[in-house]
Amino acid sequence: MEELAANPEPAPSLGRRLAEVAWAFLPLGWIAFGGPQAHISLLQERFVARRRWLDEQRFVELLGLGQGLPGPTSTQMVVAVGTARAGPLGGLLAFLLFLYPAATIMALAGLGVATFLDEGGRPQWLDGVQPATVALVAVAAWRLGTAVVNTKLTMGLMLLGAVVTILVRQPWAFPATLALGGMVTAVALRSQRHDAVDRSGSTPLDNLGISRVAGALLLLVFFGLLGGLILARLALDWSWLQVLESFYRTGSLIFGGGQVVLPMLSAEVVEPGWVTEQQFLDGLALMLALPGPLFSFSAYLGAVAGGVTGLLLAFVGLFLPGVLIIFGVLPFWEQVRRYPWVRIALTGVNATAIGLVVGVVFLLWERADPSAAGAVIALLAFGSVMFFRAPAPLVIIGAGVLGWIFGWAGLL
């Protein structure tokens, strides 16, 4: 008996842990409706409460890490959970299984959109879907704002982000505004730095199978690609390079993911004419009706802009920065998280990012150019989701039905 107590059961092999990751994440991409916040809740229920791969403290630690880095938070959480269970291979496997449903559907939609519209013309029901899409983004802006914007300073930064989005409409303005928001907060709240000590008592992140050397190399790759692609685009007039650089730069500068990415994507693909405003809104409506991360919208945009090559470049370009960063930072996070100015600056970055979402609501409404019937559809969609918690897919379907009815009646 003493011998058995001294020799506890060995940990599962890597192969078994990878199989567990595959089995756990295989259905997740098909049921992850509701945006980043709903994804986080689903991950907590699956991997903390049910499977107990992580305790609450470590889960909160990973969530804080994802929220503090560029890229889609829920996807980075998926990667981090998979990595915590089965190392970097587990993280990559979880990433692929979480993304493939929405990414596949959006890629097929993007590849078929031109043929679909050419053969039958633009269907009337899409005119009902567009106002509902704007309403869903407005709901996201409201919910994100109530969670982040709670002081006069953050309110001011949110308004700054909204004004810049509406008036400037240039890709360079978004990262500059986000950086300004972080710097303003760091300066304004510098007296609180010593009070911003983390007291969560969270379990340290270790034994993840990623050394600090490997993490440093991945971060070098991230920054090297960012700088190299920007310089290459300035020197070379290659269409594929423009697509890759645009999406990689966007993925490198967006914190939190979700609807926050829409202003930059719109500026990158609609303004230069790669995608029309109608194609952007129609694809966004489909994406909002699907499970999985909103970043999968990149597969649709890339496919519309450049076929199979475009969808691969756009998809890889938008997701790669977040994956490189989460793998690169994990080995260093225990030390980085102790710096109070990091958390303080991110408060301003997040508030400014909410302003970008507020601004894009106005831009999308302007582009949808709705009639009075369209305004009714938008109002009903907003109220259904905001006050009655109706699921987004059901709202999109209902908006399509109303669009067809109003179109038949000559009101839309």
*Scan segment 170-183 and give yes if some residue there is in contact with a Pro (Cβ under 7 Å, 6 or more places away or on another chain) and modelled with pLDDT of 85 or more, otherwise no.*
no
*Candidates 361, 395, filtered to the one that is closer than 24 Å to residue 279 by Cβ, modelled with pLDDT of 85 or more and either in a loop (DSSP other than H, G, I, E, B) or within 20 Å of the chain's Cα centre (by Cα) (or both)*: 361
*Pair list, Cβ under 6 Å, 6 or more apart: segment 364-375 residue in contact (Cβ under 8 Å) with a residue 12 or more places away in the chain and over 14 Å from residue 125 (Cα atoms), other residue surrounded by 14 or more Cβ atoms within 10 Å (Cβ to Cβ) and among the acidic types (Asp, Glu)*: 367/277
*asked:* If a residue must be buried (at least 19 other Cβ atoms within 10 Å of the Cβ), assigned to a helix (DSSP H, G or I) and modelled with pLDDT of 80 or more, how many such residues does segment 19-39 contain?
replied: 6
*Given (1) touching a helix residue (DSSP H, G or I) at 6+ places or on another chain (Cβ under 6 Å); (2) over 29 Å from residue 148 (Cβ atoms), index of the condition residue 239 fails*: (1)
*Output yes when any residue across segment 302-311 is part of a helix (DSSP H, G or I), modelled with pLDDT of 90 or more and farther than 25 Å from residue 281 by Cβ, and no when none is.*
no
*Given the residues 412, 402, which is the only one that is surrounded by 15 or more Cβ atoms within 10 Å (Cβ to Cβ) and either basic (Lys, Arg) or assigned to a helix (DSSP H, G or I) (or both)?*
402
*Just need a number here: residues in segment 49-70 that are at pLDDT 75 or above and either of a type in the set (Phe, Trp, Tyr) or in contact with a Leu (Cβ under 9 Å, 6 or more places away or on another chain) (or both).*
4
*Is it the case that residue 343 is farther than 30 Å from residue 220 by Cα, charged (D, E, K, R) and surrounded by fewer than 23 Cβ atoms within 10 Å (Cβ to Cβ)?*
no
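The values are calculated or read from the model by the stated rules, or taken from the named source; none is laboratory data. On a predicted model such as this, the values are computed, not experimentally measured, just so you know. Cβ coordinates were reconstructed from backbone atoms using ideal geometry, including for glycine residues, and neighbour counts include every protein chain displayed.
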